[in-house]
Amino acid sequence: MKTINTLKSGILTVMILFGLTSAFGQDAKEIVKRADEKWNGEKSSQGTMTMTIVRPTWERTIQFKIWTLEKDYSMTLITAPAKEKGQAFLKRETEMWNWMPSISRMIKLPPSMMADGWMGSDYTNDDILKESSIVVDFIHKIIGSETIDGWDCWKIEMYPHEDAAVVWGKIIKWISKDEYLMMKSEYYDEDEYLVKTELGTEVKLMDDRKIPSRIEIIPADKENQKTIVIIDDIKFNVSIQNSFFSQQNMKRLR
């Protein structure tokens with residue numbers, strides 16, 4: 001009887017551990033997926049944003065529109081200031097382009113430029129054009145729980161797959177358990193040195209969901225420097241075709 005009870009206890013322990021491990025691993029990716037879909041829309045999104053680049057001796061504000069369709073298509077149009085107005089950025093599958101109306105020139109962006117600052121900000125080209133996917137290109141693991149700005153969050157560690165074309169060596173995200181909000185992110189280089197921190201605040205109901213409407217990007221090694229992005233308006237799962245994301249349309253956008 002003792003042997004049978006011991007065997008049952010052992011089997012139960014294995015089942016519990018297996019269940020916890022499976023759920024733990026599976027949930028990490030599912031949490032990131034749900035947070036990503038909430039932020040970008042399950043299929044598509046369209047919005048307007050205002051970005052302020054803050055430096056020790058000056059500030060500059062840029063306004064722009066964005067359109068996205070799943071992970072393969074994105075378009076960004078600068079609407080202000082006048083000097084950059086009409087400049088557009090396109091990602092179409094594996095190709096990325098920049099249209100500069102001031103010189104009537106279309107420039108193809110190589111993958112090596114994805115880590116560069118977009119429009120001189122602390123956002124990277126990869127952040128705007130979304131070459132990499134936080135769901136597809138990374139391995140996810142829950143490493144703890146913390147409270148960020150009053151929200152109880154999962155703390156999720158993300159390492160890129162070996163064959164993934166990504167900018168970062170590691171990302172840690174704090175995603176709220178209640179609304180799947182990306183409240184904080186830390187981005188590390190290949191040597192696991194912190195490069196920048198991203199903070200989401202001012203949670204608002206926008207279109208059909210709650211999201212942080214203010215995003216701050218703070219470089220780790222640059223004092224008194226940051227970039228602030230305010231989401232002025234955004235709609236999710238809008239009707240948009242992949243034909244919208246073309247070089248010809250880049251020149252026509254208003």
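The values are calculated or read from the model by the stated rules, or taken from the named source; none is laboratory data. Note that the structure is a prediction, hence the values are computed from the model and not measured. Reconstructed Cβ throughout: ideal geometry from the backbone, glycine too, with neighbour counts over all protein chains shown.
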* Structure fact -> Cβ pairs under 8 Å, 6+ apart or interchain, first in the stretch 214-238 and over 20 Å from residue 203 (Cβ atoms), second aromatic (Phe, Trp, Tyr) and modelled with pLDDT of 95 or more, ordered by first then second residue, are 220/193
* To do: Scan the stretch 201-227 residue by residue and report those that are within 20 Å of residue 187 (Cα to Cα) and among the charged types (D, E, K, R).
  => 214, 216, 221, 222, 223, 226
* Tally the residues that are within 14 Å of the chain's Cα centre (by Cα), in contact (Cβ under 8 Å) with a residue 40 or more places away in the chain and surrounded by fewer than 22 Cβ atoms within 10 Å (Cβ to Cβ), restricting the search to the stretch 167-179. => 1
* Considering only the stretch 55-85, how many residues are in a strand (DSSP E or B) and surrounded by fewer than 17 Cβ atoms within 10 Å (Cβ to Cβ)? -> 6
* To do: Name the residue, out of 86, 41, 47, that is at pLDDT 95 or above, closer than 27 Å to residue 184 by Cα, of a type outside the set (Val, Ile, Thr) and out of contact with any His (no Cβ under 7 Å at 6 or more places or on another chain).
  => 47
* Which of the residues spanning the stretch 101-128 are in contact (Cβ under 8 Å) with a residue 24 or more places away in the chain, out of contact with any helix residue (DSSP H, G or I) (no Cβ under 8 Å at 6 or more places or on another chain) and either more than 18 Å from residue 215 (Cβ to Cβ) or part of a helix (DSSP H, G or I) (or both)? -> 101, 111, 119, 120, 126
* Just name the residue that is nearest to residue 69 (Cα to Cα) out of those in the stretch 37-54 that are touching a strand residue (DSSP E or B) at 6+ places or on another chain (Cβ under 8 Å) and part of a helix (DSSP H, G or I). => 40
